[in-house]
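**Student:** Take this structure, written in structure tokens, and hold onto it; I'll ask about it next.
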Amino acid sequence: MTKVSVVTTIMRVVLGVLFLAHGISKLQMGLGNVEGWFSSIGVPGVLAYVVAVLELVGGIMLIIGFLTRYVSAAFVVMLIGAVFTAKLSAGLLGSNGSAGYEMDLTFMLIALYLIVADRSPVSLDHILFKKRSA
């Protein structure tokens, strides 16, 4: 295993853990409350459920390394939506107690890297989809 594959694996697992934690946090707040907040900022409330499921299931999928590229692409789309709907007005670092979008950019960059990176040898993707030698 190369240094790059070790770092790729660490990035994938940590990003998965962070998204899983965000999904759990939404469940603990109550999805009805999250739906209400989404609606209050002009985002359809039903997207609260979509985001929560993506964070929970997608986080687990990243941790085990299953469909990493697709999950990472979904996270990039979700994060772009979060920046433009909820965070942009607060600025990069946030203001008046509102979170900025610096963390979203960081998560986006990691997810973009995972879309184009070689499969980690420590992942279900590698086990299930490795190219057979001719």
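**Student:** For Ser89, put the label point 7 Å out on the Cα→Cβ axis and report which residues of the range 28-70 keep their amide N under 13 Å from it.
**Tutor:** Under 13 Å, as judged by backbone N against the label point of Ser89, lie 38-43 of the range 28-70.
**Student:** While we're looking at this one, here's another question. Cα axis of helix 102-116 to longest principal axis of the chain: angle in degrees, 0 to 90, nearest 10?
**Tutor:** Roughly 30 degrees, rounded to the nearest 10.
**Student:** Over 24 Å, how big is the tail of the calculated P(r) for the chain, in percent of all Cα pairs? Write out the running numbers ahead of the final one.
**Tutor:** Working: 2968 of 8911 pairs.
In whole percent, the share of Cα-Cα pairs in the chain beyond 24 Å is 33.
**Student:** What full-extension length gain, to one decimal in nm, is calculated for Ser25 and Leu112 as 0.36 nm per residue of separation minus the Cα-Cα distance?
**Tutor:** 28.9 nm
**Student:** Something else about it: Angle, helix 46-64 long axis vs. longest principal axis of the chain, Cα atoms, 0 to 90°, nearest 10?
**Tutor:** Helix 46-64 sits at roughly 30 degrees to that axis.
**Student:** A follow-up question, please. Do any chymotrypsin sites (Phe, Trp or Tyr not before Pro) in the range 69-134 lie in a DSSP loop with no more than 11 other beta carbon atoms within 10 Å, and if so, which?
**Tutor:** Here no chymotrypsin sites (Phe, Trp or Tyr not before Pro) fit, given the DSSP loop and packing criteria.
**Student:** Could you check the simple spin-label distance between Val77 and Ser98, using points 7 Å along Cα→Cβ, in nm with one decimal?
**Tutor:** About 2.6 nm, to one decimal.
Laboratory data are not the source of any read-out in this text; all were calculated from the coordinates shown. All of these numbers come straight from a predicted model, not from anything done at the bench. Cβ coordinates were reconstructed from backbone atoms using ideal geometry, including for glycine residues, and neighbour counts include every protein chain displayed.
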